[in-house]
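Each remark here refers to the structure printed beneath this line.
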Amino acid sequence: MAPLPISSIRVGKIEDVQELIKSKPNKVPERFIRDTNERGVSVSLKTHLHQPIPVIDLSKLSKRHTHDDFHFEILKLSQACEDWGFFQIINHGIEVDEVDDIEKVAKEFFEMPLEEKKKYPMEPGTVQGYGQAFIFSEDQKLDWCNMFALGVHPPSIRNPKLWPSEPARFSESLEGYSKEIRKLCKRLLTYIAISLGLQEERFEELFGEAVQAVRMNYYPPCSSPDLVLGLSPHSDGSALTVLQQSKDSCVGLQILKDNTWVPVVPLPNALVINIGDTVEVLTNGKYKSVEHRAVTNRESERLTIVTFYAPNYEVDIEPMGELVDDETNPCKYRSYNHGDYSYHYVSNKLQGKKSLDFAKILN
């Protein structure tokens, strides 16, 4: 998370999309209209069901080495990370009430009057607060999305002024949910380590006190969804990203697979996981972060709650020695400080996987 606003940035007028559809429901302002080659197309739940992303059953992984299901599921996990960079998890152990509660308070937040939400502004150059992130010029195209983002852990990355007093249970709900997601990420990294033939605690030992942030994205309906994007194409700078989609949300997430945008159809009570740039570097490119985006829908809204989990900012990142071989798999990324990379990531607009050029060794 960028620690301070950048006063020199001039972002121009950023219209609030929820307010836009109230005042001009059939009008899409020019600043939201994408070039033809950038535009997305919304999809129905019945589209592309023949090409789903992998599904991992965590209840089978919890049986560990005592059951054949464990070994089969670890193989599925390895293939999902290597071939897709995205997968859904079921039987993840987070109570339905916990998931429903954070969804409820997030909806209540976005339903508050604009003047209330503006009490928690996302200042230019930062990614905490309410507004739009990754905007660095007055002519930059805007996403059809309202965001509310917060640093969660460690406490040093929090901005207490941005934690809302309303809805009344917002902070309590987010704290409880984030603790469960943190435990989930640690479990997933243990399984990912096993899938790579590494020691189970390899990632946890490397990460130190891991950084965790949350971003809530609200995508209102759009009268011309073919002209806009809900969220620009990008990969994530995190190690892992956990995506929760509200139960009544339309399909909106798309991932770039074999040069084709593939929609992700959410399963009931599942969470979507994706590999971030940090794991790509640590695995020397074996498990790659994947470009993804969000599209909008003409009739339906969409709400997502996204958690980013990454190493401590003090940690230096480079490919793990176990996964580098000078002859068959030479080092593809240079060593860098994770805090420096995080600042680099949030100080640039979303442009596919361009942020990762920061770390690549060019031959």
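The values are calculated or read from the model by the stated rules, or taken from the named source; none is laboratory data. Everything numeric here is computed off the predicted structure, so don't read it as measured data. A quick note on method: Cβ atoms are made from the backbone with ideal geometry, for glycine too, and the neighbour counts reach across all protein chains shown. To get the accessible areas, we keep the full protein, side chains included, count just its heavy atoms, and leave off ligands, DNA and RNA. Shrake-Rupley method; radii C 1.70, N 1.55, O 1.52, S 1.80 Å.
Here is the figure for the range 286-301: residues that are open to solvent by 10 Å² or more (accessible area, probe 1.4 Å), more than 16 Å from L240 (Cβ to Cβ) and either touching a helix residue (DSSP H, G or I) at 6+ places or on another chain (Cβ under 6 Å) or of a type outside the set (S, T, Y) (or both) total 6.
Condition check ((1) closer than 12 Å to N284 by Cα; (2) buried (at least 17 other Cβ atoms within 10 Å of the Cβ)) across all residues:
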{"position": "D316", "(1), (2)": "no, no"}
{"position": "E322", "(1), (2)": "yes, no"}
{"position": "N329", "(1), (2)": "yes, no"}
{"position": "R334", "(1), (2)": "yes, no"}
{"position": "G352", "(1), (2)": "no, no"}
{"position": "S355", "(1), (2)": "no, yes"}
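Condition check for E204 on (1) part of a loop (DSSP other than H, G, I, E, B); (2) within 22 Å of G93 (Cβ to Cβ); (3) of a type in the set (D, E): one failure, at (1). Among the conditions (1) in a loop (DSSP other than H, G, I, E, B); (2) closer than 28 Å to P154 by Cβ; (3) open to solvent by 10 Å² or more (accessible area, probe 1.4 Å), the only one that F308 does not satisfy is (1). Quick one: would you say D248 is assigned to a helix (DSSP H, G or I) and either modelled with pLDDT under 90 or not aliphatic (A, V, I, L, M) (or both)? For D248, the condition - assigned to a helix (DSSP H, G or I) and either modelled with pLDDT under 90 or not aliphatic (A, V, I, L, M) (or both) - is not met. For the range 166-187, the candidate set comprises residues that are out of contact with any helix residue (DSSP H, G or I) (no Cβ under 8 Å at 6 or more places or on another chain) and open to solvent by less than 80 Å² (accessible area, probe 1.4 Å); within that set, the residue that is farthest from L282 (Cα to Cα) is S171.
Among the listed residues E108, E98, which satisfies the condition of being at pLDDT 95 or above, touching an Asp or Glu at 6+ places or on another chain (Cβ under 9 Å) and assigned to a helix (DSSP H, G or I)? Please lay out each step first, then the result.
Numbers: E98 fails: at pLDDT 95 or above.
The match here is E108.
Among the criteria (1) free of Cβ contacts under 8 Å to residues at least 60 places away in the same chain; (2) open to solvent by 10 Å² or more (accessible area, probe 1.4 Å); (3) among the polar types (S, T, N, Q); (4) in contact with a Leu (Cβ under 9 Å, 6 or more places away or on another chain), the one S232 does not fulfil is (1). Looking across D226, D139, one residue alone is closer than 30 Å to W261 by Cα, among the acidic types (D, E), part of a loop (DSSP other than H, G, I, E, B) and open to solvent by 20 Å² or more (accessible area, probe 1.4 Å). It is D139. Among the residues of the range 249-275, those identified as surrounded by fewer than 23 Cβ atoms within 10 Å (Cβ to Cβ) and touching an Asp or Glu at 6+ places or on another chain (Cβ under 8 Å) are S249, C250, I255, L256. Restricting attention to the range 55-87, the residues that are within 26 Å of L256 (Cα to Cα) and among the hydroxyl-bearing types (S, T, Y) add up to 1.
Restricting attention to the range 339-362, report how many residues are outside any loop (DSSP other than H, G, I, E, B), closer than 18 Å to K288 by Cβ and not small (G, A, S). Give the derivation first.
Going through the range 339-362, the residues outside any loop (DSSP other than H, G, I, E, B) turn out to be 339-346, 352, 354-358, 360.
Now narrow it down to the ones that are closer than 18 Å to K288 by Cβ: 341, 345, 352, 354-358, 360.
From what is left, the residues that are not small (G, A, S) are 341, 345, 354, 356-358, 360.
Residues flagged as outside any loop (DSSP other than H, G, I, E, B), closer than 18 Å to K288 by Cβ and not small (G, A, S) within the range 339-362 amount to 7.
Identify, by number, the condition in (1) touching a Leu at 6+ places or on another chain (Cβ under 8 Å); (2) modelled with pLDDT of 95 or more; (3) buried (at least 21 other Cβ atoms within 10 Å of the Cβ) that T241 doesn't meet. Evaluating T241 over (1) touching a Leu at 6+ places or on another chain (Cβ under 8 Å); (2) modelled with pLDDT of 95 or more; (3) buried (at least 21 other Cβ atoms within 10 Å of the Cβ) leaves (1) as the failure. If you go through the range 256-300 and keep only what is closer than 26 Å to G93 by Cα, of a type in the set (V, I, T) and not in a loop (DSSP other than H, G, I, E, B), you end up with V272, I273, I275, T278, V279. Select from the range 291-322 the residues that are among the aliphatic types (A, V, I, L, M) and within 22 Å of A210 (Cα to Cα) and list them in ascending order. Result: I305, V306, A310, V315, I317, M320. Taking the criterion of being assigned to a loop (DSSP other than H, G, I, E, B) and open to solvent by 60 Å² or more (accessible area, probe 1.4 Å), the residues of the range 111-136 that qualify are P113, K118, K119, E123.
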